[in-house]
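Reading through the structure tokens given below for one structure.
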Amino acid sequence: MKEILQDLTYDELNALMSSLGAERFRAQQVAQGLAKGKKITDINIPKALKEKLLERYEDEPVRILETYTGADGTEKYLFRLADGNIVEGVLMKYKYGNTQCVSTQVGCRMGCRFCASTLHGLTRNLTAGEILSQVLVINALHTDGKARGVTNIVLMGSGEPLDNYDSTIRFIRNVSCATSLNISPRNISLSTCGLVPQMYRLADEGLPVNLTVSLHATTDAERARTMPIANKYTIREILGACSNYFNKTGRRYIFEYSLIDGENSEPEDAKALIQLLKGRPCHVNLIRLNEVKERSLRSATERKAQAFLKLLTEGGISATIRRQIGADIGGACGQLRASYLHTVDEGPEE
Ligand code: SAH
């Protein structure tokens, strides 16, 4: 694979252009073209300069392979990377704007039992520019005329963002840059299964992203049943890292709690969750499990989910049930890629 031009910061792009002997305004022109989701080929620069760039950089780091549109307007995409690997993304349309869910890794090595992304383990990390390019191509598709493109980003596609720390941070810095899409870190949510040391590092980056932690259980022993990472970091350590994040950034944090039948969705689980989180500046996102064909876990019923929510709310915990979006199009993390890999003979070049 060639290098990825979208990896570069604006300063690095400037340095590159001058090293290629181009005038200074060319960097601005290239940055504008990339921000519009253009291929290098389609940016209006001199042929010789374009050829030099194409020798070294991928023309199309991310290409849309398939688009699926759900009944609720949610769009789900399969992206093909330059080496043939496949990742997925989702665009959810809300009244206030469009939220795109992006992938940070091909596969994942965290091994959560309910998740489809981890079924084949980790293939590789994405570069910052590959993460960014997912947003660039989708934003370009939705910015015609008056329509707003991507306004919010969630790092909740396949992969564990904090397991690909440097690329994730570089992506957040680049996408929030005025010379790129200018999407504020405040409109970006980073979801982690709870990699404690990296959560501390993140708090010191000066990037006020919304920190979201996948909790899914109230004791370490229970958590370890579905999330192997619980054997490495305790809930107490995770809560410590969340408090530190709040102290450093002033930002409330969010817990994701997927309701799994027979695992974590009984009234006593709600009570334990209240005890754990009482008084904390946090919000709980309850998610009804998206059932994954390859996994035996089942979702709690809607009734149980409502009862769980009621208990949390009465217990003083801010909580909502996340609207189940795109369930008809394989909305959950990694499901689409997994089913795609099943149906094609020719897998990605790994
Ligand atoms: N690696 C990050 C991002 C993962 S995806 C993390 O662990 O947070 C975002 C959320 O979807 C996580 O909370 C994850 O635990 C959850 N998730 C994964 N598979 C799911 C499924 N089948 N049903 C419901 N939620 C799921």
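Structure summary
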read-out: Breaking point among (1) more than 15 Å from the ligand (Cβ to nearest atom); (2) assigned to a loop (DSSP other than H, G, I, E, B), for ASN290; value: (1)
read-out: Residues of the range 92-121 satisfying the condition of being assigned to a strand (DSSP E or B) and surrounded by fewer than 17 Cβ atoms within 10 Å (Cβ to Cβ); value: LYS93, TYR94, GLY97
read-out: Residue list for the range 68-86, filter: among the hydrophobic types (A, V, I, L, M, F, W, C) and in contact with a Leu (Cβ under 7 Å, 6 or more places away or on another chain); value: LEU78, PHE79, ILE86
read-out: Some residue of the range 152-172 being assigned to a strand (DSSP E or B), surrounded by fewer than 24 Cβ atoms within 10 Å (Cβ to Cβ) and in contact with a strand residue (DSSP E or B) (Cβ under 9 Å, 6 or more places away or on another chain); value: yes
read-out: Those residues of the range 108-129 which are more than 11 Å from the ligand (Cβ to nearest atom), out of contact with any Asp or Glu (no Cβ under 7 Å at 6 or more places or on another chain) and not aliphatic (A, V, I, L, M), in sequence order; value: HIS120, GLY121, ARG124, ASN125
read-out: Residue list for the range 244-279, restricted to those being loosely packed, with under 15 Cβ neighbours inside 10 Å and in a helix (DSSP H, G or I); value: ASN247, PRO267, GLU268, LYS271, GLN275
read-out: Close pairs from the range 207-227: first without any contact (Cβ under 8 Å) to a residue 12 or more places away in the chain, partner more than 13 Å from the ligand (Cβ to nearest atom), Cβ under 7 Å, at least 6 apart; value: ALA224/ASN231
read-out: Per-region count, the range 119-149, residues among the aliphatic types (A, V, I, L, M) and either under 12 Å from ALA35 (Cα atoms) or touching a residue at least 60 places away in the same chain (Cβ under 8 Å) (or both); value: 9
read-out: Positions within the range 187-222 being touching a helix residue (DSSP H, G or I) at 6+ places or on another chain (Cβ under 9 Å), more than 9 Å from the ligand (Cβ to nearest atom) and assigned to a strand (DSSP E or B), in sequence order; value: ILE188, ASN210, LEU211
read-out: Yes/no for ILE153 being within 16 Å of the ligand (Cβ to nearest atom), in contact (Cβ under 8 Å) with a residue 12 or more places away in the chain and not aromatic (Phe, Trp, Tyr); value: yes
read-out: Any hit, the range 28-39, residues being in contact (Cβ under 8 Å) with a residue 60 or more places away in the chain, touching a strand residue (DSSP E or B) at 6+ places or on another chain (Cβ under 8 Å) and not in a loop (DSSP other than H, G, I, E, B); value: no
read-out: Residue within the range 78-91 that is assigned to a strand (DSSP E or B), at pLDDT 95 or above and aromatic (Phe, Trp, Tyr) present; value: yes
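The values are calculated or read from the model by the stated rules, or taken from the named source; none is laboratory data. What you are looking at is a predicted structure, and each value in this text was computed from that prediction instead of being measured. Cβ atoms come from the backbone with ideal geometry, glycine included; neighbour counts cover every protein chain shown.
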